[in-house]
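A.B. asks: Questions regarding the structure given below will be posed in turn.
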Amino acid sequence: KFGLFARALYFLLKGTVADVHKNIKVINKLTSPYEFIEHTTPQSKFLYKHFKKIDDEFQEHIKNAKKQATRSKLLIYEYRYKRWSFNTLLATQLSSMYPKKALIIVRREDGLMKMSLRAPDILNPLQRALEGVEGSGGGHIRSCGATVIEDDWHRFVENLKREVAKEKW
């Protein structure tokens, strides 16, 4: 239940500046996380309605990403950017479901492929996969972000497949 509350807080900070400010004011009026989880007050019902709208879209992406999973060590999920960017949270949630896979969660935006990557060791394979492509990225050993121009996307993916195949995890 607290994971749900944490995700809700993350989603309640998405939207227009006015929506976020309003959500923060209402969050500050809550007396406990259970008030939100159980929807017991008008304030918590208001927040839950906003959260649910975003979470429904997020859950749809989780379901679609799971359909992409194969025996391959690499799971790539590209989603259409509508109103919300879910790269980071999708990558984190899916990495707990597929701990032995390298994950790329990617969306196209303005000619760029913007991604979050997760794996037991993704930093070194990412750095090697970026060689010879127009893009950049970095992060931590298990969690990275990167951006590659659309024209180099397929070359980057092939490079990353090759590098991930070398890993022993």
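Bear in mind that the values in this text are calculations on the coordinates, not laboratory data. Model, not experiment: these values are computed from the prediction. Note that we place each Cβ from the backbone using ideal geometry, even for glycine, and neighbour counts take in every protein chain shown.
A.B. asks: So how far apart, in nm, are the two label points at Asp19 and Phe2 if each is 7 Å from Cα heading toward Cβ?
C.D. replies: 2.8 nm
A.B. asks: Residues in the stretch 112-134 near a label at Lys166, defined as backbone nitrogen under 16 Å from the 7 Å Cα→Cβ point?
C.D. replies: Correct set: 121-133.
A.B. asks: Follow-up. Would you please state which residues of the stretch 89-118 a label at Ser143 would reach in this model, taking the label point 7 Å out along Cα→Cβ and a backbone N cut-off of under 16 Å?
C.D. replies: Only 89-99, 103-105, 115-118 fall inside the zone, counting backbone N under 16 Å.
A.B. asks: Which entries of Lys49/Lys100; Lys14/Lys166; Lys82/Lys166; Lys22/Lys63; Lys67/Lys114; Lys22/Lys101 show an alpha-carbon separation above 28 angstrom in the structure shown?
C.D. replies: Lys49/Lys100; Lys14/Lys166; Lys82/Lys166; Lys22/Lys63; Lys22/Lys101
A.B. asks: Calculate the FRET efficiency for Tyr10 and Ser72 from the Cβ-Cβ distance with a Förster distance of 41 Å, rounded to the nearest 0.05.
C.D. replies: Here the calculated transfer efficiency is 0.90.
A.B. asks: Please give the contour-minus-distance gain from Glu131 to Asp55: 0.36 nm per residue of separation, less the Cα-Cα distance, rounded to one decimal in nm.
C.D. replies: Computed gain between Glu131 and Asp55 is 23.7 nm.
A.B. asks: Considering only Val106, Val20, Val157, give the residue with the highest GNM mean-square fluctuation for the chain, with springs between Cα atoms whenever their separation is below 10 Å.
C.D. replies: Val20
A.B. asks: Can you list the trypsin sites (Lys or Arg not before Pro) in the stretch 49-142 that are in a DSSP coil and have 10 or fewer other beta carbons within 10 angstrom?
C.D. replies: In loop regions of the stretch 49-142 (DSSP not H, G, I, E or B), the sparsely surrounded trypsin sites (Lys or Arg not before Pro) are Arg71, Arg80, Lys82, Arg83, Lys100.
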